[in-house]
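S.K.: Could you have a look at this structure, given as structure tokens, before my questions?
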Amino acid sequence: MKKIITTIAICGIAAAMVSTTSCKKNNDDDMVVTPTPTLYDSLGGTTMVADPTNSGQMIEKGRLGIRSVVDSTIFVIAADTALNKFFPVLLAEVTAGNTTGFAALSKNLTDFFCVATGAKNFTYAGKNMVDAHDPAKNPRMNGKSSTADFDRFVTDLVTGAKKVGLSDQLIGQVGAVVNTTRSQVVQK
């Protein structure tokens with residue numbers, strides 16, 4: 001577990017170093033600023049592709065990639081008895097055939113990660129991370145998370161991301177984004 005966290009931290013530092021703007025001279029000896037692609041760009045960016053879950057609709061490739069990781073991770077967490085205890089409302093809904101809560105969670109998390117990775121075409125309108133993880137402010141949560149719970153979430157995120165074919169490098173960069181929320185999510 002510590003190895004995963006250390007790897008994510010190292011990748012995050014490397015991503016931060018790589019994500020700076022570079023400059024080069026053009027033919028007229030003027031400096032030209034070349035923006036380095038965002039993590040969202042690395043995840044597929046704004047290229048439009050067919051949405052496999054919504055026939056006839058198009059979706060940005062970056063958003064599709066993020067949504068795929070989010071949905072895969074939600075399923076991994078649903079099967080993880082160490083974490084699924086935090087989501088009894090969602091699990092009961094899905095078990096009863098009601099996927100509206102799942103769809104809302106998927107959309108909120110996808111929006112959050114799109115914005116957090118540099119997407120310009122989306123906004124996150126969900127709860128802030130503290131309120132989203134506080135059962136007193138979010139009745140869909142069952143308990144507050146510990147550091148061990150957060151570490152387990154990171155493990156499940158890695159598993160979910162690998163299931164959809166995300167590279168280790170991109171997993172590390174996404175993990176670095178997730179780790180920025182640790183102090184807000186861990187509340188016990």
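We did not get these values from a lab; they are worked out from the coordinates using the rules stated. For clarity, every value in this text was computed on a predicted model and none was experimentally measured. Every residue, glycine among them, receives a Cβ derived from its backbone with ideal geometry; neighbour counts consider all protein chains shown.
S.K.: What is the order of Leu105, Leu43, fewest Cβ neighbours within 10 Å to most?
M.R.: Leu105, Leu43
S.K.: For region 62-188, what is one quarter of the convex hull surface built on the Cα atoms, given in nm²?
M.R.: 7.3 nm²
S.K.: If the only charges are +1 at each Lys and Arg Cβ and -1 at each Asp and Glu Cβ, what is the size of the charge dipole of region 57-182 around the Cα centre, to the nearest 20 debye?
M.R.: Using Cβ point charges on Lys, Arg, Asp and Glu, region 57-182 gives about 180 debye.
S.K.: Using Cβ counts within 10 Å as a stand-in for footprinting exposure, how do Glu60, Glu93 rank, fewest first?
M.R.: By the 10 Å Cβ count, ascending: Glu93, Glu60.
S.K.: Okay, next question. Toward the positive end of the charge dipole of region 101-188, about the Cα centre and with charges on Cβ (Lys, Arg +1; Asp, Glu -1), which of Asn142, Gln184, Phe122 goes farthest?
M.R.: Value: Asn142.
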